[in-house]
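Undergrad: So that we are looking at the same thing, I have put the structure below in structure tokens.
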Amino acid sequence: MKIITLMNQKGGVGKTTLVLSLAARWHLMGHSVSIVDADPQQSAVFWKKQQAVDSKLAEIDVYSVKLPAEIRGSRNLKSDYVIIDTPGTDKMIVRSALNVSDALLIPVQPSSLDIQASAPSVQTALASEKPTAYLVNRFVSQTQLGKDVMRSLQHTPARVLPKAMGQYQAFPRSIGVGETPSTMFSGSAASRNIEAVGQAVDTWLEACHEEG
Ligand SMILES: Nc1ncnc2c1ncn2[C@@H]1O[C@H](COP(=O)(O)OP(=O)(O)O)[C@@H](O)[C@H]1O
Ligand SMILES: [Mg+2]
């Protein structure tokens, strides 16, 4: 069992989008997956409510958690992967999620303002001594900005995953109806993107496991 927390005190960076997209990919690979929604906005819970009963993702359970102490129960879930979605601001909730996790992923958008706003979350994550990695979202490849951002992230103490998420309408469109690009837009650029990102996450988790 692996518990992964998606965190960044900055809102709108793609935490929930990644939680759902990674959950769907692992489920479609044949793993059992649970999502723990620790964000009062309850976006993952909302996603589940939109889902058709015969969805290919129907077996992914979403648990709503409101108290830091409840997060500890994530260890009792009998799933291959447990993914915790966190709020931007509630430090107690985030701390509990860090403590119970095997690895921490920090989505970040390619702008110096976003990187700067993420710095406290990165510090909190690194202080926990759990494996921590940035995952760049809304990356536009072959631009000077993209290159500059990747270069500036290399100078921060957290690892940067070698695959980034691009910006695709397929993310909000599919997530709005309880799906993800992997099920609703199979074969699309967005679904190939999340597959590549997921493989990079798998490789990283494997390396963390061997190092730990
Ligand atoms: N790669 C992407 N392509 C297109 N839209 C995206 C992407 N990532 C996030 N979004 C959109 O940006 C908004 C914020 O993303 P969300 O996952 O809710 O962030 P957070 O959970 O960090 O607040 C949502 O409307 C989401 O659909
Ligand atoms: Mg969210």
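Undergrad: Taking the residues in segment 85-113 that are of a type outside the set (A, V, I, L, M, F, W, C) and modelled with pLDDT under 90 as candidates, determine which candidate is farthest from ligand 2 (Cβ to nearest atom).
TA: We begin by selecting, within segment 85-113, every residue of a type outside the set (A, V, I, L, M, F, W, C); these are 85-91, 95-96, 99, 101-102, 107, 109-112.
Still in the running and modelled with pLDDT under 90: 88-91, 110-112.
Details: Gly88: 8, Thr89: 12, Asp90: 12, Lys91: 16, Pro110: 19, Ser111: 19, Ser112: 22 Å.
Out of the qualifying residues, it is Ser112.
Undergrad: All but one of (1) open to solvent by 90 Å² or more (accessible area, probe 1.4 Å); (2) under 18 Å from the mean Cα position of the chain (by Cα); (3) within 19 Å of Gly12 (Cα to Cα) hold for Gln199, so report the exception by its number.
TA: Gln199 satisfies all of (1) open to solvent by 90 Å² or more (accessible area, probe 1.4 Å); (2) under 18 Å from the mean Cα position of the chain (by Cα); (3) within 19 Å of Gly12 (Cα to Cα) except (3).
Undergrad: Any residue in segment 74-95 that is farther than 30 Å from Lys147 by Cα, among the small types (Gly, Ala, Ser) and free of Cβ contacts under 8 Å to residues at least 60 places away in the same chain?
TA: Within segment 74-95, none of the residues are farther than 30 Å from Lys147 by Cα, among the small types (Gly, Ala, Ser) and free of Cβ contacts under 8 Å to residues at least 60 places away in the same chain.
Undergrad: Among the numbered conditions (1) more than 16 Å from ligand 2 (Cβ to nearest atom); (2) in contact with a Pro (Cβ under 7 Å, 6 or more places away or on another chain), tell me where Phe171 comes up short.
TA: Every listed condition holds for Phe171 apart from (1).
Undergrad: Taking only segment 12-54 into account, find how many residues are assigned to a helix (DSSP H, G or I) and either among the hydrophobic types (A, V, I, L, M, F, W, C) or at pLDDT below 95 (or both).
TA: We begin by selecting, within segment 12-54, every residue assigned to a helix (DSSP H, G or I); these are 15-28, 43-50.
Checking which are either among the hydrophobic types (A, V, I, L, M, F, W, C) or at pLDDT below 95 (or both) leaves us with 18-20, 22-24, 26, 28, 44-47.
The number of residues fulfilling the criteria is 12.
Undergrad: Got a sec? Which of Val82, Val65 is more than 17 Å from Ala24 (Cβ to Cβ) and either touching a Leu at 6+ places or on another chain (Cβ under 8 Å) or modelled with pLDDT of 95 or more (or both)?
TA: Numbers: Val82 fails: more than 17 Å from Ala24 (Cβ to Cβ).
Criteria check complete, one pass: Val65.
Undergrad: Select from segment 158-190 the residues that are β-branched (Val, Ile, Thr) and farther than 14 Å from Pro107 by Cβ and write down the one among them that is most open to solvent (accessible area, probe 1.4 Å).
TA: Residues of segment 158-190 that are β-branched (Val, Ile, Thr), as a first pass: 160, 175, 177, 180, 183.
Cutting the leftovers down to farther than 14 Å from Pro107 by Cβ gives us 175, 177, 180, 183.
Details: Ile175: 31, Val177: 69, Thr180: 0, Thr183: 29 Å².
Here the residue is Val177.
Undergrad: Can you confirm whether Ser64 is away from ligand 1 (no atom under 16 Å from the Cβ), polar (S, T, N, Q) and more than 16 Å from the chain's Cα centre (by Cα)? First the steps, then the outcome.
TA: Values: away from ligand 1 (no atom under 16 Å from the Cβ): no; polar (S, T, N, Q): yes; more than 16 Å from the chain's Cα centre (by Cα): yes.
So Ser64 does not fit the description; no.
Undergrad: Right, another one. Any idea which of (1) crowded, with 23+ Cβ neighbours inside 10 Å; (2) farther than 25 Å from Ser118 by Cα is the one Ile71 doesn't satisfy?
TA: (2)
Undergrad: Of the numbered conditions (1) farther than 26 Å from Ile93 by Cα; (2) within 16 Å of ligand 2 (Cβ to nearest atom), Leu135 satisfies every one except a single condition; which is it?
TA: Evaluating Leu135 over (1) farther than 26 Å from Ile93 by Cα; (2) within 16 Å of ligand 2 (Cβ to nearest atom) leaves (1) as the failure.
Undergrad: Can you name the residue in segment 1-53 that is open to solvent by 20 Å² or more (accessible area, probe 1.4 Å) and of a type in the set (A, V, I, L, M) and is also nearest to ligand 1 (Cβ to nearest atom) among such residues?
TA: Among those residues, the one meeting the criterion is Val45.
Undergrad: Within segment 129-149, which residues are farther than 20 Å from Val19 by Cα and crowded, with 17+ Cβ neighbours inside 10 Å? Spell out the reasoning first.
TA: Within segment 129-149, the first condition is being farther than 20 Å from Val19 by Cα, and the residues that meet it are 129, 140-149.
Listed by number, the list holds a single entry, Val149.
Undergrad: Residue pairs, Cβ under 8 Å, 6 or more apart or interchain, first in segment 175-186 and in contact (Cβ under 8 Å) with a residue 24 or more places away in the chain and more than 13 Å from ligand 1 (Cβ to nearest atom), second open to solvent by 30 Å² or more (accessible area, probe 1.4 Å) and in a loop (DSSP other than H, G, I, E, B). List them.
TA: Close Cβ pairs satisfying both conditions: Gly178/Ala52; Thr183/Lys56.
The values are calculated or read from the model by the stated rules, or taken from the named source; none is laboratory data. Quick caveat, the model's predicted, so the values are computed rather than measured. We place every Cβ from the backbone using ideal geometry, glycine too, and count neighbours over all the protein chains shown. In case anyone asks, the SASA skips ligands and DNA or RNA and just uses the protein heavy atoms, side chains included. Shrake-Rupley method; radii C 1.70, N 1.55, O 1.52, S 1.80 Å.
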